[in-house]
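The values are calculated or read from the model by the stated rules, or taken from the named source; none is laboratory data. Since this is a predicted model, take the numbers as computed values, not measurements. All Cβ positions, even for glycine, are placed from backbone atoms using ideal geometry, and neighbour counts span all protein chains on display. All accessible areas refer to the heavy atoms of the entire protein, side chains included, with ligands and DNA or RNA removed. Shrake-Rupley method; radii C 1.70, N 1.55, O 1.52, S 1.80 Å.
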Amino acid sequence: MATTGIVNGTSIIVGIDSTAGGAGTTFVPVTHSTSASISFSMETRDATTKGSAGYKEVLEGLRSLTIDCEAMTALDATFGYEEMYALWNNRTLFNLEFGTTETGDTVYQVKGYLTSLSISSGVEDSSTFSASFECTGSVTTATN
């Protein structure tokens with residue numbers, strides 16, 4: 001049943017399919033995830049003319065999408081830091097999914113590259129890592 005009301009952020013995950021499969025792809029959530037975000041952007045192109053009365057005018061331009069997540073570091077994780085490092089190291093293009101796992105909810109699906117990976121480990125603190133994905137091509141939506 002689709003999620004109703006205000007969504008609990010714990011329900012939103014970043015899923016990855018490193019096989020770059022097609023229809024019927026199985027997305028594996030980033031293990032021990034603590035946060036997830038998606039950002040849609042659109043550049044503009046200048047359309048200012050002498051008739052613009054001194055005001056800048058713009059038209060639509062290129063669109064882009066980034067997905068970011070943070071997670072606790074566990075070296076025995078199903079899909080954690082070591083798997084992320086392999087994606088980055090191999091320059092792998094893979095499928096990403098952003099949304100909930102609840103049946104009936106809309107999720108965003110896109111192909112992307114892991115462009116940034118960092119790990120942080122403070123004294124007597126849980127080790128965490130951050131991953132950023134730059135997406136390529138069009139975004140599709142699907143229903144779980």
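Can you name every residue in the stretch 60-78 that is open to solvent by 40 Å² or more (accessible area, probe 1.4 Å), within 15 Å of residue 132 (Cβ to Cβ) and not acidic (Asp, Glu)?
64, 66 - these are the residues of the stretch 60-78 that are open to solvent by 40 Å² or more (accessible area, probe 1.4 Å), within 15 Å of residue 132 (Cβ to Cβ) and not acidic (Asp, Glu).
When only residues in the stretch 29-52 that are surrounded by fewer than 15 Cβ atoms within 10 Å (Cβ to Cβ) and of a type in the set (A, V, I, L, M, F, W, C) count, which is nearest to residue 141 (Cα to Cα)?
For the stretch 29-52, the residue satisfying everything is 40.
Looking only at residues in the stretch 117-132 that are without any contact (Cβ under 8 Å) to a residue 40 or more places away in the chain and of a type outside the set (D, E, K, R), which one is surrounded by the fewest Cβ atoms within 10 Å (Cβ to Cβ)?
123
Name every residue in the stretch 123-144 that is more than 17 Å from the chain's Cα centre (by Cα) and acidic (Asp, Glu), in order of residue number.
124, 125
Which pairs have Cβ atoms under 6 Å, sit 6 or more apart or on different chains, and link a residue in the stretch 53-75 that is assigned to a loop (DSSP other than H, G, I, E, B) to one that is open to solvent by 50 Å² or more (accessible area, probe 1.4 Å) and of a type in the set (Ser, Thr, Tyr)?
56/48; 57/48; 73/81
Would you check which residues across the stretch 29-53 are touching a Ser or Thr at 6+ places or on another chain (Cβ under 9 Å) and farther than 30 Å from residue 121 by Cβ and list them?
Answer for the stretch 29-53, where residues must be touching a Ser or Thr at 6+ places or on another chain (Cβ under 9 Å) and farther than 30 Å from residue 121 by Cβ: 40, 41, 42, 43.
Just a yes or no: is a residue in the stretch 92-101 in contact (Cβ under 8 Å) with a residue 60 or more places away in the chain, assigned to a strand (DSSP E or B) and in contact with a Leu (Cβ under 7 Å, 6 or more places away or on another chain)?
yes
If residue 114 meets every condition in (1) within 16 Å of the chain's Cα centre (by Cα); (2) surrounded by 18 or more Cβ atoms within 10 Å (Cβ to Cβ); (3) within 16 Å of residue 36 (Cβ to Cβ); (4) in contact (Cβ under 8 Å) with a residue 40 or more places away in the chain apart from one, which number is that one?
In the conditions (1) within 16 Å of the chain's Cα centre (by Cα); (2) surrounded by 18 or more Cβ atoms within 10 Å (Cβ to Cβ); (3) within 16 Å of residue 36 (Cβ to Cβ); (4) in contact (Cβ under 8 Å) with a residue 40 or more places away in the chain, residue 114 misses (4) alone.
Go over the candidates 81, 55 one by one and state the one that is hydroxyl-bearing (Ser, Thr, Tyr), within 18 Å of the chain's Cα centre (by Cα) and open to solvent by 40 Å² or more (accessible area, probe 1.4 Å).
After ruling out the rest, the residue left standing is 81.
Among the residues of the stretch 93-105, is any among the polar types (S, T, N, Q), surrounded by fewer than 11 Cβ atoms within 10 Å (Cβ to Cβ), closer than 30 Å to residue 3 by Cα and at pLDDT below 95?
Yes - at least one qualifying residue is present in the stretch 93-105.
From 43, 102, 57, 83, which residue is closer than 17 Å to residue 133 by Cβ and of a type outside the set (A, V, I, L, M, F, W, C)?
83 is the lone residue from the list that is closer than 17 Å to residue 133 by Cβ and of a type outside the set (A, V, I, L, M, F, W, C).
Condition check: over 20 Å from residue 136 (Cα atoms), open to solvent by 90 Å² or more (accessible area, probe 1.4 Å) and in contact with a Pro (Cβ under 8 Å, 6 or more places away or on another chain). Does residue 10 satisfy that?
In short, no.
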